[in-house]
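Written out below as C-alpha cells is the structure these notes cover.
The values are calculated or read from the model by the stated rules, or taken from the named source; none is laboratory data. Bear in mind that the values here come from a model prediction, so they are computed numbers and not experimental data. Please note: Cβ atoms are built from the backbone with ideal geometry, for glycine as well, and neighbour counts cover all protein chains shown. In case anyone asks, the SASA skips ligands and DNA or RNA and just uses the protein heavy atoms, side chains included. Shrake-Rupley method; radii C 1.70, N 1.55, O 1.52, S 1.80 Å.
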Amino acid sequence: MGPLKTFAGYLKAAKGVKAIEWASLPVIGPTLAGLAASKFGLWPIWLSSIGAVLLAFGVYYLYVRIYMGKMATIGVPEFHVEAFKAIRPKEYEMTWAQFVNKNDFTFEGLYDIVNAVFSQNNHDPSSVAYVVAYSQSQHDFLQSSIADLKNTIDEQELAIDELENELVRSENAVSYLVGIIKKVNENLYRYVNDRLGFGDMDFVTGFSLYRKEGNSLELILDKGTSGKHRTLNLDTDTHFAAVVAVKDEQEQAHYNNPYPGRHLVAFRMKMLKGETWVWCFHFDDDDERVLSLILENGIIESRQIRRLIHAFCLTLQKRSFSHKEVDQDAEAK
C-alpha cells in the first residue's frame, strides 16, 4: 500500500499541472499534438489500450522495486523490518533477529541485548551498565549530599537560636550588673553620709541575717521575707541551710527550698572580733535576675556577690563598734 499512497500524493500535486491548458500554449501545444498524431494516430484503439496498460504496469513495477529497496534501508521513513528480513537476511540475523525471535521478550532482555550491542565489558565507559551504574551512584551521592546539607542547616539553625538566646541572657546579665553597680554606689554615698544601714543591703534580694551565739543562730535582721524567723539550734535544726552553712569552714553557699517555688541560699561570714554571721538570700524561682546573680556564674560570679555582701557587713559591723566606743567614752566622761 506504500506505493499507492505515494501515487495518491503525486496525484494531488498533479492537479495543479492538470489545470494548465497545454494545447493552448503557442509552442508546447502544437508539439504535443504533432507527437501524438505521428506516434499513436496510426495504432488501433485496442492496441493503444493494451500499450497504455502495459506501460502503467511497468512503471508501477519499477517503482515498487525502488520502494522495496527503501523499505530495507534502516533510517528512512519507508523502513519495514519484514522487508529488511526478506531482502537482507544476513544483516537481519545479526541485529533484529535477537529482538523478534524471542518468545519471552522483556524490557530486561532488551536492556541486556542493547548493553551487549554497545559493549561486552561492564567496566567500559561505553557500556549501558556502566552508564546506569554511574548515574545511580551520582543520584545516591546527590541524595546523600542533600541529606547532609539539610542536617547542617538544621544544626546551624539550632546554633543560631542558641546564640540568640545566649545574646539575650548576656544582655540581661549586663543589665543586672549595671543595676548592682548603681546600688553599690548609692550605698557608698549613704555610708559617707552616715545613713547606711543593714536595711540597705537588699539591693540583690530579700535576706535574713543571723549571728552565731554559742550553739544557736540569733536573728539580727530580715527584710523582704515572710518574717517567720526564730532562733535556730545547731544540733536539732540541721535541715536549715543557715545551720549547714555556719558549720562550713570553707564558707560555701548552701541551698534550701522552704516551700515549693521559694529558694534560700545561705553562706557563712567571718566577722570582726571572732564573730560568725550567716547571710541568707530569699527569692522565688521565677526571679530571673536573682537566679542569674546568685545561682549562675554569668558575667559576674555568684561568689563575688557574696564577697560584696560580706564587705558591706564588715563595714557596718566596724562602724557599729566605733559608735559603741564613742558612746562608752561619752558615758565614762
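Computed from phi, the 3J(HN,Hα) profile of the range 75-84 under the Karplus parametrisation 6.51, -1.76, 1.60 (θ = phi - 60°) reads x, 9, x, 7, 4, 9, 5, 5, 5, 4 Hz, with x in place of Gly and Pro. Separation of the alpha carbons by more than 21 angstrom is noted, of K183/K270; K212/K318; K212/K247; K273/K318, for K183/K270. Surface analysis of the range 198-332 yields an accessible area of 54 Å² per residue, using protein heavy atoms and a 1.4 Å probe.
Taking a sphere under 15 Å around the Cβ of G206 and counting the other residues whose Cβ falls inside, with K and R at +1 and D and E at -1, yields a net charge of -2. Efficiency by 1/(1 + (r/R0)^6): what FRET value for T315 and E157, r their Cβ-Cβ distance, R0 = 35 Å, to the nearest 0.05? In this case the efficiency is close to 0.10. With the highest mean first, a sort of the peptides 250-257, 198-205 on other beta-carbon atoms found within 10 angstrom per residue produces 198-205, 250-257.
Amide H to amide H, with H built 1.01 Å from N, T73 comes under 5 Å of H80, counting only residues 5 or more places away or on other chains. Loop-located trypsin sites (Lys or Arg not before Pro) in the range 228-289 (DSSP state other than H, G, I, E, B) with a sparse environment of at most 15 neighbouring Cβ atoms within 10 Å: K228, R230, K247.
The string of couplings for the range 243-254 from the Karplus curve (6.51, -1.76, 1.60, θ = phi - 60°) is 5, 5, 5, 5, 8, 8, 5, 7, 6, 7, 7, 10 Hz, one whole number per residue in order, with x for Gly and Pro. Electrostatic tally near K223: other residues with Cβ closer than 12 Å to its Cβ, Lys and Arg +1, Asp and Glu -1, net -3. Anisotropy class assigned to the range 167-222 is oblate, per the alpha carbon gyration tensor with a/c at or over the 1.5 cut-off and a/b no larger than b/c.
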